[in-house]
Amino acid sequence: MIDESRDLILISKGNELAFDKFMDGHSQCMYYHAYGILGNKQMAEEVVSDVFLEVWKMREKLLDIENINFWLSKVVYRKSISMLRKEKNRRNLVDIDELQNFKFPQMETPIDSIISDENMHSIVQAIDALPPKCKHVFYLAKIEQMPYSEICDMLKISLATVNYHIGYAMNALRAKLRKEA
């Protein structure tokens, strides 16, 4: 404990050798803690790295911390939970640039019995002719009936962009269907 106090004093003064010793002494415990929360080796290693980066950045304030082990445990926990949240959000996001080959699924709705097969074919062709990003936003808004705000969050685009894509799609569909009528 006295050794660690001396190391903390040296670290607070910018001593990198003391910091290396500190990292060697704490990294394994921190890794197991992070891995226990995350269940992923790379993510746990990243958390430990982030914690040590934070320790180094705030090295001048380390002497103010009463229990360094408890503090490290708290930081590992906080960063692990933050990483889980980011990972969850990243899994729910769809990169709109990866949607170049987005296709509308064939669907059967009550309106299908009213619209002739020929008209339905024209509508599908008109939708397929839309630019990929526009087609995806149109699909989410008009077919899936997703609120515009959720589309903004999901695709990481602004409400103005969603409105633009919907307006563009509606005008393009209207023009194409009028031309065929």
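The values are calculated or read from the model by the stated rules, or taken from the named source; none is laboratory data. Computed from a prediction, not measured in an experiment: that's the story for all the values here. Cβ sites come from the backbone with ideal geometry, for glycine too, and all protein chains shown count toward neighbours. Ligands, DNA and RNA are stripped out before the accessible areas are found, and what is left, the full protein with its side chains, is counted by its heavy atoms. Shrake-Rupley method; radii C 1.70, N 1.55, O 1.52, S 1.80 Å.
Tabulated results
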item	result
Distance in nm between pseudo-label sites at residue 70 and residue 54 (7 Å out along the Cβ direction from Cα)	1.7 nm
Whole-percent carbon and sulfur share, accessible surface of the stretch 132-181, 1.4 Å	54 percent
Residue 164-residue 142 pseudo-label distance in nm [points 7 Å out on the Cα-to-Cβ vector]	1.9 nm
Amide H within-cut-off set for residue 146, under 5 Å, with H built and near neighbours excluded	141
Full-stretch length increase - residue 4, residue 157 - with 0.36 nm per residue and alpha-carbon distance subtracted	50.2 nm
The stretch 1-90: equivalent-ellipsoid semi-axes (sqrt of 5 x gyration tensor eigenvalues, Cα, Å)	25, 12, 11
FRET E, pair residue 87, residue 24, Förster distance 35 Å, beta-carbon r, rounded to 0.05	0.80
Filtered trypsin sites (Lys or Arg not before Pro), the stretch 119-167: DSSP coil and at most 13 other beta carbons within 10 Å	156
Computed lengthening from residue 179 to residue 77, 0.36 nm per intervening residue step minus Cα-Cα distance	30.6 nm
